[in-house]
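Student: Handing you this structure, nothing more for now.
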Amino acid sequence: MFIMEKYRVLNPIDYGLGKRVNIVQISDGHLGIMKKRRSRIIMKDSQKIMDIVNTLRKKEPQSSISLIISGPICSKTIKFLKSNLIDIVIDNQ
């Protein structure tokens with residue numbers, strides 16, 4: 001996990017995602033999925049996150065993808081996401 005500085009908001013429709021999904025560009029070749037909420041992110045949420053990641057990887061296979069969170073996350077979810085090469089970024093803003 002690392003702390004994020006700044007990012008550029010992208011249009012999720014350009015990636016074939018719904019307009020409620022928050023996608024950002026952290027840097028060149030590094031995309032992020034923003035989950036801003038106070039409740040804990042659990043394994044059920046991680047499957048939805050993986051669906052988004054798979055869609056992003058079809059459009060930009062060379063990009064690394066991170067999950068940007070502002071709240072707590074389940075330890076099993078952390079293991080699952082890391083095993084699928086998804087970094088977790090803490091956004092304190």
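Student: All but one of (1) surrounded by 15 or more Cβ atoms within 10 Å (Cβ to Cβ); (2) closer than 22 Å to ASP14 by Cβ; (3) touching a residue at least 40 places away in the same chain (Cβ under 8 Å) hold for VAL53; which doesn't?
Tutor: The number of the failed condition is (3).
Student: In addition: Of everything in region 37-66, what is part of a strand (DSSP E or B) and either touching a Leu at 6+ places or on another chain (Cβ under 6 Å) or within 12 Å of LEU17 (Cβ to Cβ) (or both)? Give them in sequence order.
Tutor: Listed by number, the list holds a single entry, ILE65.
Student: Is it the case that ILE33 is in a strand (DSSP E or B), out of contact with any Gly (no Cβ under 9 Å at 6 or more places or on another chain) and surrounded by 12 or more Cβ atoms within 10 Å (Cβ to Cβ)?
Tutor: Against the criterion (in a strand (DSSP E or B), out of contact with any Gly (no Cβ under 9 Å at 6 or more places or on another chain) and surrounded by 12 or more Cβ atoms within 10 Å (Cβ to Cβ)), ILE33 qualifies.
Student: Another question about this same structure. Filtering region 1-44 down to residues that are aromatic (Phe, Trp, Tyr) and over 20 Å from LYS82 (Cβ atoms), which residue is modelled with the highest pLDDT?
Tutor: The qualifying residue modelled with the highest pLDDT is TYR15.
The values are calculated or read from the model by the stated rules, or taken from the named source; none is laboratory data. Because the structure is a prediction, the values reported are computed rather than measured. Every residue, glycine among them, receives a Cβ derived from its backbone with ideal geometry; neighbour counts consider all protein chains shown.
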